[in-house]
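The values are calculated or read from the model by the stated rules, or taken from the named source; none is laboratory data. Every value quoted in this text rests on a predicted model; they were computed, and no experiment measured them. Please note: Cβ atoms are built from the backbone with ideal geometry, for glycine as well, and neighbour counts cover all protein chains shown. Please note that ligands, DNA and RNA were not included when accessible areas were found on the heavy atoms of the full protein model with its side chains. Shrake-Rupley method; radii C 1.70, N 1.55, O 1.52, S 1.80 Å.
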Amino acid sequence: MTASRTHTWHTRAETAADVPAIREIVLAAFPTAEEADLVDALRADPAAWIDGLSVVATDQHGAPVAHALLTRCHIDAAPALCLAPCAVLPAHQRTGAGSAAIRTALDYARERGEHHVVVLGHPEYYPRFGFTPASAAGIGLSIDVPDEASMALTLDDADPLPRGTVRYAAPFGI
Ligand SMILES: CC(C)(COP(=O)(O)OP(=O)(O)OC[C@H]1O[C@@H](n2cnc3c(N)ncnc32)[C@H](O)[C@@H]1OP(=O)(O)O)[C@@H](O)C(=O)NCCC(=O)NCCS
């Protein structure tokens, strides 16, 4: 459970029964089906998907309202995780559900011995989870995005972020 300013959100790893609800969340959160299709493609890619690192936050009935996904990527040759996408049903946005799902996904990753996570997203949002500018750590991308949108996090202070270029899982098409 993760406390927020308005709720204590329950979070858990996705189950097979959650798959349609997760698709509905991602479809509702983004303007096109691109991100929902990406989630399905990642789930079908054994090189990318890691069971237990697709996390939902649920409402009081146990229905998923938020989703955060960590999949395998690499920084040069070093294994890392990519946080993408994160999505919350519009009616539940800005009530802590997205943060709860993200924090739980990062906790699960740490418990599995994962050390490094990258994200592309809102530079005002992800620093609250400990993400810092990727470029400052010597991590680059093979695509052109605003520098501040690319962030990275080490889950183990004893293992600093590796330098290199992020290599995304194939479904990202990057
Ligand atoms: C972005 C998103 C995952 C955040 O989840 P959430 O549950 O709405 O956010 P939380 O309640 O956990 O956190 C609220 C904080 O997030 C910030 N936030 C929410 N959406 C944001 C956005 N689009 N840009 C920047 N900050 C955002 C709020 O300003 C708020 O900040 P505060 O705590 O300083 O007031 C969710 O709003 C969403 O699905 N948005 C549409 C899809 C999207 O943009 N996904 C992320 C792609 S990088």
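Can P127 be described as touching a strand residue (DSSP E or B) at 6+ places or on another chain (Cβ under 8 Å) and either farther than 24 Å from W9 by Cβ or in a strand (DSSP E or B) (or both)? So P127 fails the test.
May I ask you to list the residues in segment 4-35 that are farther than 16 Å from A101 by Cβ, in a helix (DSSP H, G or I) and of a type in the set (G, A, S)? Once the filter is applied, which keeps residues that are farther than 16 Å from A101 by Cβ, in a helix (DSSP H, G or I) and of a type in the set (G, A, S), segment 4-35 yields A16, A17.
Looking at this structure, is H74 surrounded by fewer than 21 Cβ atoms within 10 Å (Cβ to Cβ) and assigned to a strand (DSSP E or B)? For H74, the condition - surrounded by fewer than 21 Cβ atoms within 10 Å (Cβ to Cβ) and assigned to a strand (DSSP E or B) - is met. Condition check: within 15 Å of the ligand (Cβ to nearest atom), buried (at least 20 other Cβ atoms within 10 Å of the Cβ) and either among the small types (G, A, S) or modelled with pLDDT under 95 (or both). Does A36 satisfy that? Considered against the rule, which asks whether it is within 15 Å of the ligand (Cβ to nearest atom), buried (at least 20 other Cβ atoms within 10 Å of the Cβ) and either among the small types (G, A, S) or modelled with pLDDT under 95 (or both), A36 comes out as yes. Taking the criterion of being part of a helix (DSSP H, G or I), within 16 Å of the ligand (Cβ to nearest atom) and under 17 Å from the mean Cα position of the chain (by Cα), would at least one residue in segment 42-58 satisfy it? Yes, segment 42-58 contains a residue that is part of a helix (DSSP H, G or I), within 16 Å of the ligand (Cβ to nearest atom) and under 17 Å from the mean Cα position of the chain (by Cα). Filtered by the rule that a residue be closer than 17 Å to I75 by Cα and within 15 Å of the ligand (Cβ to nearest atom), segment 123-132 gives a lone residue, F131. Residues that are within 13 Å of the ligand (Cβ to nearest atom) and either open to solvent by less than 20 Å² (accessible area, probe 1.4 Å) or in contact with a helix residue (DSSP H, G or I) (Cβ under 7 Å, 6 or more places away or on another chain) (or both) within segment 112-122 comprise V118, V119, L120, G121, listed in sequence order. Just one of the listed residues (A109, A105, A158) is closer than 19 Å to E14 by Cβ, more than 14 Å from the ligand (Cβ to nearest atom) and either in a helix (DSSP H, G or I) or open to solvent by 70 Å² or more (accessible area, probe 1.4 Å) (or both), and it is A109. Just to be sure before I move on: is T58 free of Cβ contacts under 8 Å to residues at least 24 places away in the same chain and either open to solvent by 40 Å² or more (accessible area, probe 1.4 Å) or hydroxyl-bearing (S, T, Y) (or both) in the structure I sent? In short, no.
From the set of residues in segment 130-151 that are part of a loop (DSSP other than H, G, I, E, B) and of a type in the set (A, V, I, L, M, F, W, C), which is most open to solvent (accessible area, probe 1.4 Å)? Across segment 130-151, the extreme among qualifying residues is I143. Determine whether segment 74-90 contains at least one residue that is in contact with a Pro (Cβ under 8 Å, 6 or more places away or on another chain), within 12 Å of the ligand (Cβ to nearest atom) and not basic (K, R). Among the residues of segment 74-90, not one is in contact with a Pro (Cβ under 8 Å, 6 or more places away or on another chain), within 12 Å of the ligand (Cβ to nearest atom) and not basic (K, R), which makes the answer no.
Is there any pair with a first residue in segment 104-131 that is within 20 Å of A169 (Cα to Cα) and free of Cβ contacts under 8 Å to residues at least 60 places away in the same chain and a second that is assigned to a helix (DSSP H, G or I) and within 16 Å of the ligand (Cβ to nearest atom) whose Cβ atoms are under 8 Å apart and which are 6 or more apart or on different chains, and what are they? That search, which allows pairs on different chains as well, returns L106/F129; V117/L106; V119/Y126; L120/A149; G121/A149.
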